[in-house]
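Quick notes on the structure that follows.
The values are calculated or read from the model by the stated rules, or taken from the named source; none is laboratory data. A quick note: this is a predicted structure, and the numbers were derived from the prediction, not measured. Cβ placement follows ideal geometry from the backbone for every residue including glycine, while neighbour counts extend to all protein chains displayed. Heavy atoms of the whole protein, side chains included, go into the accessibility calculation; ligands, DNA and RNA do not. Shrake-Rupley method; radii C 1.70, N 1.55, O 1.52, S 1.80 Å.
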Amino acid sequence: MALALLFLILFLLLVAGAPVAVALGVASLVYALIDGVPSVVVLHRMVGGIDSFPLIAVPFFIMAGHLMNTAGVTTKIFAFARAAVGWMYGGLGHVNVGASIIFAGMSGAAVADAGGLGNIEIKAMREAGYDTDFSVGITAASSTIGPIIPPSLPLVVYGVIADTSIGQLFAAGLIPGLLMAFALMVMVAFYAKIRNYPRDDRFSFAVFGRTFIQALLPLFTPIIIVGGILFGIFTPTEAAIAAVVYSLFLGLFVYRTLDLKRILRVSMDTVETTASIMMIVAASTIFAWILTANQVAQVFATELLSFTENKTAILLIMMLIVLIVGCFMETIAAITILTPVLLPVAVTVGVDPVHFGIILILNLMIGLLTPPVGMVLYVLSKVSDVPFERCVVATAPFIVPLVAVLLMLTFIPALSMWLPTTLYR
């Protein structure tokens, strides 16, 4: 009875528009009061959920992304990507994807990509004669590459919840992220052919060289982060701190676009975003503890395995559940709630936790492109001055290649497991 009330209160609060952290916290607290759990236990569990060294990486990765945006690095990244692939048919669509690949190695968040690069990309595509719907759709879809290619805030949170190596998760995300980019570029080429989209002038080594030199120092950011982690120089947390120090170096001494006022504003934005994430993690921790105490995962596993023991069918069912949840719940909250329930089932049927983490996060990234939550869509609606409903319609076709990549990764584990296996095992 108390468990049913837990889910009912959570559902009603989410429908009423309450913040996710509040909905999870209130529902869990009501359950604790009914079940006689001491409030000190609830507080202890919540604090324990965020008392994790790897989570220190979260505010630093957030700050590094904000600093890069504020320092004007995004314009240099876009110019370099345009020089590299702008000559192809549908050039700016390919540039959009290429810039997201580069920026993914700096921010680790889809919303940061959409907000930072989105304004530049959509404006340039409109001026070049691209349809607004196409511009918004490819910008939204390409932003989901950010949390897959390392560094990745969702993968850090998953690694903590699943007690899985974050370094291995980062390594596992590299090839899937590039596959996502390739699939989206195929989609861009298809649209370019049927709609006769323009392209830039022929490839110019002079322009490429000039923009490469201008973007060279920012391009070192993903090399520092990803290379440092993969080759054992940094832990993910240390890499995040190094990214902030390097971003400050670029903004203060190289480009001189940062001053005390801007750094303070970035710091406040970082504190606000981090506090929001940590509140969700803390509230989700007590919620997940209640589910574990009531053996919800075991019950779910038993019911699912009694229905079918086929690995393929079980993975498809779980991915459908994740996709539905991703449409209604914020990514971090979904990770902290779904992981304790679904991961044991996945491990039971022989899925590696690292592999499961990648397909879980990619699935939730697709949820960022779907209503009613669709955070990326809300950001791009604001950036592009396009109604939210139109953003939904514009983005829908680009979900197809992302789902295709998700299915490939789900049923061909080597695509995500080859690199971590080679480097770590």
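Cβ-Cβ distances below 8 Å connect no pair with a first residue in the range 275-299 that is free of Cβ contacts under 8 Å to residues at least 24 places away in the same chain, a second residue that is assigned to a helix (DSSP H, G or I), and a separation of six or more residues or different chains.
Among the residues of the range 77-96, are any charged (D, E, K, R) and touching an Asp or Glu at 6+ places or on another chain (Cβ under 7 Å)?
Within the range 77-96, the first condition is being charged (D, E, K, R), and the residues that meet it are 82.
From what's left, touching an Asp or Glu at 6+ places or on another chain (Cβ under 7 Å): 82.
Yes.
Here Leu248 fulfils each of the conditions (1) outside any helix (DSSP H, G or I); (2) in contact (Cβ under 8 Å) with a residue 60 or more places away in the chain; (3) surrounded by fewer than 18 Cβ atoms within 10 Å (Cβ to Cβ) apart from (1).
Being closer than 30 Å to Arg126 by Cβ, in a helix (DSSP H, G or I) and more than 20 Å from the chain's Cα centre (by Cα) is the requirement here; does Leu92 meet it? Yes: the conditions hold for Leu92.
When you check Gly146 against the structure, is it within 16 Å of the chain's Cα centre (by Cα) and within 24 Å of Phe182 (Cβ to Cβ), yes or no?
Numbers: within 16 Å of the chain's Cα centre (by Cα): yes; within 24 Å of Phe182 (Cβ to Cβ): yes.
Here the answer is yes, as Gly146 does meet what is asked.
Of the residues Thr292, Thr312, the single one that is among the hydroxyl-bearing types (Ser, Thr, Tyr), more than 27 Å from Val403 (Cα to Cα), part of a helix (DSSP H, G or I) and open to solvent by 10 Å² or more (accessible area, probe 1.4 Å) is Thr292. Looking across Gly98, Gly65, one residue alone is surrounded by 18 or more Cβ atoms within 10 Å (Cβ to Cβ), touching a helix residue (DSSP H, G or I) at 6+ places or on another chain (Cβ under 7 Å) and either touching a residue at least 60 places away in the same chain (Cβ under 8 Å) or not in a helix (DSSP H, G or I) (or both). It is Gly98. Summed over the range 258-280, the residues that are of a type in the set (A, V, I, L, M, F, W, C), open to solvent by less than 60 Å² (accessible area, probe 1.4 Å), part of a helix (DSSP H, G or I) and modelled with pLDDT of 85 or more give a count of 4. Could you tell me which residue of the range 194-231 is most open to solvent (accessible area, probe 1.4 Å), considering only residues that are in a loop (DSSP other than H, G, I, E, B) and touching a residue at least 40 places away in the same chain (Cβ under 8 Å)? The qualifying residue most open to solvent (accessible area, probe 1.4 Å) is Arg202. Scanning the range 105-158 for residues being closer than 16 Å to Val379 by Cβ, open to solvent by less than 10 Å² (accessible area, probe 1.4 Å), among the aliphatic types (A, V, I, L, M) and part of a helix (DSSP H, G or I) gives a total of 7. Residues of the range 68-82 being open to solvent by 10 Å² or more (accessible area, probe 1.4 Å) and closer than 17 Å to Ala128 by Cβ, which ones? Result: Thr75, Phe78, Ala79, Arg82.
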